[in-house]
Amino acid sequence: MKKYLFLLGLLIVFITACALWVVKGNNDTPLRILAQRNHLYIGAAVNGWYLTDPYYANTLTREFNIITPENAMKFGPLSPAQGEYNFTEADAIVNFAIENDMPVRGHVLVWTNQLPDWLLDRQWTRDELIEILRNHIFTVVGRYRGKIMAWDVVNETIADDGTLADNFWTNGIGPDYIEMAFRWAHEADPEALLFYNDFNAEGAGPKSDGVYGLVADLVQNGVPIHGVGFEMHTTIDWNVDPTIMAANMERLEALGLEVHITEMDVRIPSPVEPAALERQAEIYRTVMRACLEAANCTTFIMWGVSDAHSWIPWVYPGWGSATILDEEYQPKPAYWAIHTLLK
Ligand code: XIL
């Protein structure tokens, strides 16, 4: 009898352990699975040319459940000459996503950077620019109609002081280019969620108020906009108070808008010290927690699959190690920080 009770006890312990393992996940459970249980999309920015590298592709499909093109859908990379488009890389990314059942965040329709030379090389009238923008949006959004979950329609058009930035589109067309872009994108793909995307907009201050003011006006004017992207390219000195970030997401929610973390990376000065990796982990954890706790934060995307594919060393010399996987795709403390939190 005792023997049976003992065996029964063992069986119960075993079944409980298995159940806990299934429900909670263990260390081998990829981020994607843990994120799904939290009703969250977790993703990375990708470069289409790397998708044929099996390590890269396997890491992507194992860890992430959403992708965004890092450069392939920008105006310059897409359009070598006026009216001409080369969709090779963008198509590769969208096809990879469809094959692997991952949604795509389209990035980006209207930005002042990475514009084609043919567009920058001459003067245009306002009407010409409106026609160019309209054609661009209908061509790109139309091509991927039904295949893009969300588009960054307009990028980075609020200055640090909260006013409309001086840039190619505001100078060439004027502030209403923003509204036009959202309306055309919606017409070209009525199912796609449409986002305004910017950096340094997650905290408090003139920039975040400027972004809020812009999207509040759009909502009020009946412009089709569904969310705001917080880029979150930070350094290890980032220290926005999470309650402020929460309040910021809440006021966007009150407008009926979603929030996506769209481009997160946390750069570290070289040489990388262990304490910096811990600090980086803390920042990733804080932002992930803020997103999980906000009712309207549904997507968390990082800018690059691993440190081997990050833009940081190129654009910020002396800085690096900005993603959650190292150059050999090994998890860093930041990986485990969000892994543990999602668990
Ligand atoms: C960056 C890419 O990562 C680089 O490869 C490229 O040279 C420049 O653009 N904000 C954005 C992204 O919205 O599109 C930028 O991506 C990073 C800043």
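Within the bounds of the stretch 81-89, is there any residue that is under 20 Å from the mean Cα position of the chain (by Cα), within 30 Å of Pro30 (Cα to Cα) and not β-branched (Val, Ile, Thr)? Give the derivation first.
Looking only at the stretch 81-89, we keep the residues that are under 20 Å from the mean Cα position of the chain (by Cα), and these are 89.
When the remaining residues are screened for being within 30 Å of Pro30 (Cα to Cα), the result is 89.
Those left that are additionally not β-branched (Val, Ile, Thr): 89.
Looking for residues that are under 20 Å from the mean Cα position of the chain (by Cα), within 30 Å of Pro30 (Cα to Cα) and not β-branched (Val, Ile, Thr), one finds at least one in the stretch 81-89, hence yes.
Pairing residues of the stretch 238-265 that are surrounded by fewer than 19 Cβ atoms within 10 Å (Cβ to Cβ) with residues that are among the hydroxyl-bearing types (Ser, Thr, Tyr), at Cβ distances under 7 Å and at least 6 apart in sequence or on separate chains, gives Pro242/Thr286; Arg251/Tyr212. The residue pairs whose first member lies in the stretch 69-87 and is without any contact (Cβ under 8 Å) to a residue 24 or more places away in the chain, whose second member is among the aliphatic types (A, V, I, L, M) and within 16 Å of the ligand (Cβ to nearest atom), and whose beta carbons are closer than 7 Å, counting only pairs six or more residues apart or on different chains, are Asn86/Leu78.
Residue by residue, here is whether (1) in contact with a Lys or Arg (Cβ under 8 Å, 6 or more places away or on another chain); (2) basic (Lys, Arg) holds:
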site	(1), (2)
Lys207	no, yes
Gly210	no, no
Asp217	no, no
His233	yes, no
Asp237	no, no
Val240	no, no
Glu250	no, no
Leu255	no, no
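Examine the stretch 270-289 for a residue that is part of a helix (DSSP H, G or I), among the polar types (S, T, N, Q), under 23 Å from Ala201 (Cα atoms) and away from the ligand (no atom under 16 Å from the Cβ), and state whether such a residue exists. The answer is yes, given that some residue of the stretch 270-289 is part of a helix (DSSP H, G or I), among the polar types (S, T, N, Q), under 23 Å from Ala201 (Cα atoms) and away from the ligand (no atom under 16 Å from the Cβ). For beta carbons closer than 8 Å, sequence separation of 6+ or different chains, a first residue in the stretch 121-139 that is farther than 20 Å from Asp152 by Cα and a second that is surrounded by 10 or more Cβ atoms within 10 Å (Cβ to Cβ), the qualifying pairs are Trp124/Ile132; Trp124/Gly172; Arg126/Gly172; Arg126/Ile173; Arg126/Gly174. Which of the residues spanning the stretch 130-184 are surrounded by fewer than 18 Cβ atoms within 10 Å (Cβ to Cβ), closer than 16 Å to Asp217 by Cα and among the hydroxyl-bearing types (Ser, Thr, Tyr)? Matches in the stretch 130-184: Thr163 only. Looking at Asp217, Asp241, just one residue is among the acidic types (Asp, Glu), more than 16 Å from the ligand (Cβ to nearest atom) and within 22 Å of Leu164 (Cα to Cα), and that residue is Asp217. Restricting attention to the stretch 26-53, the residues that are touching a Ser or Thr at 6+ places or on another chain (Cβ under 8 Å) and either on the phi > 0 side of the Ramachandran plot or in a loop (DSSP other than H, G, I, E, B) (or both) total 2. State whether one or more residues within the stretch 170-181 are among the aliphatic types (A, V, I, L, M), on the phi < 0 side of the Ramachandran plot and within 19 Å of the chain's Cα centre (by Cα). No, there is no match, as no residue in the stretch 170-181 is among the aliphatic types (A, V, I, L, M), on the phi < 0 side of the Ramachandran plot and within 19 Å of the chain's Cα centre (by Cα). Taking helices (runs of 4 or more DSSP H) as the structural unit, those lying wholly within the stretch 54-172 and holding at least 1 residues that are away from the ligand (no atom under 13 Å from the Cβ) and among the polar types (S, T, N, Q) correspond to 54-63, 88-99, 126-143, 168-172.
For the stretch 291-343, taking the residues that are part of a helix (DSSP H, G or I), out of contact with any Leu (no Cβ under 9 Å at 6 or more places or on another chain) and of a type in the set (Phe, Trp, Tyr), the one that is farthest from the ligand (Cβ to nearest atom) is identified as Trp336. Pairs linking a residue in the stretch 293-316 that is touching a residue at least 40 places away in the same chain (Cβ under 8 Å) and over 10 Å from Asp265 (Cα atoms) to a residue that is in a helix (DSSP H, G or I) and within 14 Å of the ligand (Cβ to nearest atom), with Cβ atoms under 8 Å and 6 or more positions apart or on different chains, are Val305/Tyr50; His309/Tyr50.
One residue alone among Thr61, Thr88, Thr52, Thr68 is touching a Lys or Arg at 6+ places or on another chain (Cβ under 6 Å) and among the hydroxyl-bearing types (Ser, Thr, Tyr), and that residue is Thr68.
Total residues in the stretch 196-221 satisfying the condition of being polar (S, T, N, Q) and in a helix (DSSP H, G or I): the figure is 2.
With the requirement that a residue be within 16 Å of the ligand (Cβ to nearest atom), assigned to a loop (DSSP other than H, G, I, E, B) and under 24 Å from Gly106 (Cα atoms), what does the stretch 222-238 give you?
Glu231, Met232
Values quoted throughout were computed directly from the atomic coordinates according to the rules given, and no laboratory measurement underlies them. Just so it is clear, the model here is predicted, and its values are computed rather than measured. Note: ideal-geometry Cβ built from the backbone for every residue, glycine included; neighbour counts use all protein chains shown.
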